[in-house]
Amino acid sequence: MEMLKSLVAVFLAAILTENYILCKFLGICPFLGVSKKLNTAVGMSAAVTFVMVLSTAVTWPIYYYVLVPNELEYLQTVVYILIIAALVQLIEIFLKKFVPSLYNALGIYLPLITTNCAVLGVTMLVITKAEETASYGYAHALVNAFGSGLGFMLAMVLFAGVRGRLETCDIPKSLRGLPITLIAASLLAVSFLGFQGVVDGLFA
Amino acid sequence: MKKKNGLFHEFSKGIIKENPVLRLVLGTCPTLAVTTAASNAIGMGAAATLVLICSNAVISLLRNVIPDKVRIPAYITIIAGFVSMVQMIVKAFAPALDEALGIYLPLIVVNCIILGRAEMFASKNKVLPSIMDGLGMGVGFTCALLLMGSIREILGAGTWFGIDVTFGVVEPMLIFVLAPGGFFVFGLLVALANKLAGEDGEKQTAGCGGCPMKDKCSKTECASKEVADNGNA
């Protein structure tokens, strides 16, 4: 029961208080680039969530059963980015061959994800968290990765709506395009500040 | 003399005309994340510059050796190697900076400025111009970070490099060091840079020009019309 409670807390924290885009500034490129249309925003964030969970599932055991016993922790960055790059390729080939319907939905986003800092970020952050709290295990890491992906999707979908509205507004000339998008993102981030402390309060 | 001018041009273009942060809009994640204080901004800028110079030099040397098909994984491996080195150096000599930058230090690997310059410049040019290009882009990145870090630190914490500048007269606005302030200041700076360059921001897309993945991306957003059409079909 205690375990389940902590998993739910990790899950909600990952979506709301530690939102990757709006609180941690990870994955800003796809956030600004692919959030113009709702369907592309959903497709991209679904692909990101998928890769986040899978790469956390693979990198965690590799870190604890290969790198740590051999005292190779300093290779973390190199090993992780290569694993993620290889994994994304593998997923792409696998989906193309066996699940064409999913490939059609996510396929075009997959190559972009290798260099997405949110994916590398989540695999590294779960290790940092596990070092801080002893009870943080493999299940927590996976739940955290899934929650982060959903948080990513939440921010993308909300923002796609905001951008749809912005298109019809009369904006001063030098603010058009990217600047007004960033200012709108700032207002969205203010609303996410409101979640600070909510999760701790729920399980106190 | 002409050659010297050419090299100087590679260096100087990165600082203002093609500033990676404010003009090309690359590397937005670290720009927003570490600019809560001016000193963090300098540290991040220096670390990224070092990686940029080294990776540009090595990639330029290997440009005829790396097969075209596997160039992106090869570049990433080279960059990741240098990032690990920088990480170890920072951990050993500046543990406070390591603490402040945290996860964003290893994330230099996926910073689009570095991969973007490798793809756009170092893979096509000789070693010396590539090093100058890396240095210029690095200095431009550092300047933009410093500018943003200074604004956010002065407005948000009332200090600059840790020195109190409010003299107890005004209360600093905490929101500027929090996440929303980052987006806000960055938005205004990009608008200012566009205004000064006399260009319309509308055509500008987030770092697409310099993004190493732009060929693949063009299948998604930059040609979102096509995607929408395909979706309907």
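Between the residues A:Val143, A:Gly27, A:Met124, the greatest Cα displacement towards the positive end of the dipole of the protein assembly as shown, with unit charges on the Cβ of Lys, Arg, Asp and Glu, is found for A:Gly27. Take each residue of peptide A:107-114, count the partner chain Cβ atoms within 10 Å of its Cβ, and average: the result is 5. With a 1.4 Å probe rolled over the protein heavy atoms of all chains, the accessible area of A:Thr133, A:Thr56 falls in the order A:Thr133, A:Thr56, largest first.
Which value, in debye to the nearest 20, gives the size of the charge dipole of the protein assembly as shown about its Cα centre, when Lys and Arg are +1 and Asp and Glu are -1 at the Cβ?
1480 debye
Applied to segment A:110-121, the Karplus parametrisation 6.51 cos²θ - 1.76 cosθ + 1.60 on θ = phi - 60° returns per-residue 3J(HN,Hα) values of 4, x, 6, 7, 3, 9, 8, 6, 5, 6, 5, x Hz, with x for Gly and Pro.
Couplings for segment A:61-67, taken from phi via the Karplus curve 6.51 cos²θ - 1.76 cosθ + 1.60 with θ = phi - 60°, read x, 5, 5, 7, 10, 10, 6 Hz in order; Gly and Pro are left as x. For segment B:2-196, report the convex hull volume of the alpha-carbon atoms normalised per residue, in Å³, without decimals. Dividing the Cα hull volume of segment B:2-196 by its residues yields 129 Å³.
Listed values for segment A:156-173 are Karplus-derived 3J(HN,Hα) couplings in whole Hz (6.51 cos²θ - 1.76 cosθ + 1.60, θ = phi - 60°), namely 4, 5, 4, 6, 4, x, 4, 5, x, 5, 4, 4, 8, 8, 8, 10, x, 4, and x replaces Gly and Pro. The residues of segment B:2-196 present an accessible area of 43 Å² per residue when probed at 1.4 Å with all protein chains retained. Amide H to amide H distances under 5 Å link A:Tyr20 with A:Phe152, where only residues 5 or more positions off or on other chains count and H is placed in the peptide plane. How big is the A-B contact in terms of buried accessible area, both chains counted, 1.4 Å probe, rounded to the nearest 100 Å²? Counting both chains, the buried surface is close to 4200 Å².
Solvent-accessible area of segment A:1-60 (1.4 angstrom probe, protein heavy atoms only): carbon and sulfur portion equals 77 percent. Summarising the amide proton neighbourhood of B:Trp160: residues at separation of 5 or more, or on other chains, whose placed amide H is nearer than 5 Å comprise B:Val165.
Here the Gaussian network model covers chain A, with springs between Cα atoms less than 10 Å apart; of A:Leu112, A:Leu16, A:Leu26, A:Leu112 fluctuates the most. Between segment B:1-71 and segment A:166-186, the C-alpha centres lie 28 angstrom from each other. In the context of the full set of protein chains, segment A:53-144 has a per residue accessible area of 46 Å² (1.4 Å probe).
Farthest towards the positive end of the charge dipole of the protein assembly as shown, among the residues B:Tyr75, A:Val162, B:Ala157, is the Cα of B:Tyr75, using unit charges on the Cβ of Lys, Arg, Asp and Glu.
The values are calculated or read from the model by the stated rules, or taken from the named source; none is laboratory data. Since we're looking at a predicted model, the values are computed, not measured. Backbone-built Cβ (ideal geometry, glycine too); neighbour counts: all protein chains shown. Surface areas here come from the heavy atoms of the whole protein model, side chains and all, with no ligands, DNA or RNA. Shrake-Rupley method; radii C 1.70, N 1.55, O 1.52, S 1.80 Å.
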